[in-house]
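Asks: Attaching a single structure in structure tokens format; questions to follow.
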Amino acid sequence: MIGLIAARSNNNIIGKDGRIPWNIKGEQKLFKELTMGHTVVMGRKTYEEIGHPLHGRQNIIVSTTMCCNGDNLTMASSLTDALELAENTDVYVAGGYALYKEAIPLVDIMYITEVDIYIEDGDVCFPEFDVSDFDLITGDTYGDDIKYTRTTYIRKNKGPLQNR
């Protein structure tokens, strides 16, 4: 299974100045619940924002410029290489933009948190995708000051790219 996890604002922003442009208590809980014990693939900038390998998960960092390895940390030069390194385990693509864009045609499922906020001057958007390729499940809404809604996009027709 290839999944994608993202959070985006009302105006489709996922990043500003190299960071997630909000900090909402509890918003990242689903990320941890879904990815624990599985493989997380992320780009170099996303990894640098986090600053360390995610505990309890195999971390694969996609980069052509960075090189490091360690416990639960592996480097790959492309998303394709990362998926091969994952060795048929459940994989969650966790950003950024370029990996999301490349992964969308491959994913079986996308978990997108819709954050009810408008981000001024955001510099990274979530890639456009054909919503008609997916069944949409709108989940619960959470949050006190800033509301966020869990949405799940499940691919309707699994093509040959998803057969892993």
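The values are calculated or read from the model by the stated rules, or taken from the named source; none is laboratory data. Computed from a prediction, not measured in an experiment: that's the story for all the values here. Every residue, glycine as well, gets a Cβ built from its backbone with ideal geometry; the counts of neighbours run over all protein chains shown. Please note that ligands, DNA and RNA were not included when accessible areas were found on the heavy atoms of the full protein model with its side chains. Shrake-Rupley method; radii C 1.70, N 1.55, O 1.52, S 1.80 Å.
Asks: In the set ASN10, ASN59, which member is open to solvent by 70 Å² or more (accessible area, probe 1.4 Å) and either modelled with pLDDT under 95 or not aliphatic (A, V, I, L, M) (or both)?
Replies: The conditions single out ASN10.
Asks: Could I ask something else about it? Could you give every pair whose Cβ atoms fall below 6 Å, whose first residue belongs to region 79-93 and is more than 19 Å from TYR111 (Cα to Cα), and whose second residue is assigned to a strand (DSSP E or B) and open to solvent by less than 50 Å² (accessible area, probe 1.4 Å), counting only separations of at least 6 or pairs across chains?
Replies: Close Cβ pairs (under 6 Å, with a partner that is assigned to a strand (DSSP E or B) and open to solvent by less than 50 Å² (accessible area, probe 1.4 Å)) amount to ALA82/VAL41; ALA82/ILE60; ALA82/VAL62; ALA82/ALA76; LEU85/ILE60; LEU85/THR74; LEU85/ALA76; ALA86/THR39.
Asks: Additional query: Pull up region 125-164, narrow it to residues that are out of contact with any Leu (no Cβ under 9 Å at 6 or more places or on another chain) and of a type in the set (Lys, Arg), then point me to the one that is modelled with the lowest pLDDT.
Replies: The extreme case among them is LYS158.
Asks: Additional query: For region 106-129, name all the residues that are open to solvent by less than 70 Å² (accessible area, probe 1.4 Å) and free of Cβ contacts under 8 Å to residues at least 60 places away in the same chain.
Replies: PRO127, PHE129
Asks: Out of region 93-105, which residues are open to solvent by less than 70 Å² (accessible area, probe 1.4 Å) and either hydrophobic (A, V, I, L, M, F, W, C) or closer than 7 Å to LEU4 by Cα (or both)?
Replies: Hits for region 93-105 are VAL93, ALA94, LEU99, ALA103, ILE104.
Asks: Find the strands (runs of 3 or more DSSP E) located wholly in region 1-117 whose residues include 2 or more that are in contact with a Gly (Cβ under 9 Å, 6 or more places away or on another chain), and list them.
Replies: 2-9, 13-15, 39-43, 58-62, 91-93, 109-115
Asks: Please verify whether THR74 is surrounded by 14 or more Cβ atoms within 10 Å (Cβ to Cβ) and over 28 Å from GLY143 (Cα atoms), treating the condition exactly as stated.
Replies: yes
Asks: Name the residue, out of THR80, THR141, THR65, that is over 14 Å from the mean Cα position of the chain (by Cα), under 25 Å from ASN11 (Cα atoms), surrounded by fewer than 15 Cβ atoms within 10 Å (Cβ to Cβ) and polar (S, T, N, Q).
Replies: Exactly one of THR80, THR141, THR65 is over 14 Å from the mean Cα position of the chain (by Cα), under 25 Å from ASN11 (Cα atoms), surrounded by fewer than 15 Cβ atoms within 10 Å (Cβ to Cβ) and polar (S, T, N, Q), namely THR141.
Asks: If I go through region 21-47 residue by residue, how many of them are of a type in the set (A, V, I, L, M), under 20 Å from ILE60 (Cα atoms) and either open to solvent by 10 Å² or more (accessible area, probe 1.4 Å) or at pLDDT below 90 (or both)?
Replies: Qualifying residue count, region 21-47: 3.
Asks: Would you be able to say whether some residue in region 154-161 is under 25 Å from GLY26 (Cα atoms), more than 14 Å from the chain's Cα centre (by Cα) and open to solvent by less than 80 Å² (accessible area, probe 1.4 Å)?
Replies: Checked against the condition, which is being under 25 Å from GLY26 (Cα atoms), more than 14 Å from the chain's Cα centre (by Cα) and open to solvent by less than 80 Å² (accessible area, probe 1.4 Å), region 154-161 yields at least one hit.
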